[in-house]
Amino acid sequence: MFFSKCKKCGGKKVSIITNIDIEIHGTMRKATNVPAKQCEKCGDIVVNDIILERLKKYAQDYPSRNLDYAKYEEEESAASQILF
């Protein structure tokens, strides 16, 4: 869950798209285009737990060392539209 204030300094959090390193099954992977929140005051970045879980799922489905969150979300959205 996101809060509008930073837990570290109390600054305001804003939505951003960022790149992160994430450990999946003991291997470090790069993830791009990841939605997150960043504190305007101290710069702390927080990624929602749901986003992290989706990245882990994508890592299983796509063996590439680099995960493009936006690309996989778009593919999943397109696939769900075809089903309905």
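Computed quantities for the displayed model
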{"read-out": "Subset tally (residues that are surrounded by 15 or more Cβ atoms within 10 Å (Cβ to Cβ) and closer than 30 Å to GLY10 by Cβ) for region 21-32", "value": "2"}
{"read-out": "Check on LYS7, at pLDDT 85 or above, in contact with a Phe, Trp or Tyr (Cβ under 6 Å, 6 or more places away or on another chain) and among the basic types (Lys, Arg)", "value": "no"}
{"read-out": "Search result, residues across region 15-50 that are β-branched (Val, Ile, Thr) and in contact with a strand residue (DSSP E or B) (Cβ under 6 Å, 6 or more places away or on another chain)", "value": "ILE16, ILE17, THR18, ILE20, ILE22, THR32, VAL34, ILE45, VAL46, VAL47"}
{"read-out": "Residues located in region 1-20, provided they are surrounded by 15 or more Cβ atoms within 10 Å (Cβ to Cβ) and closer than 30 Å to SER64 by Cα", "value": "THR18, ILE20"}
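The values are calculated or read from the model by the stated rules, or taken from the named source; none is laboratory data. Values in this document were obtained by computation on a predicted structure and should not be read as measured data. Quick reminder, even Gly has a Cβ in these numbers, built from the backbone with ideal geometry, and neighbours come from all protein chains shown.
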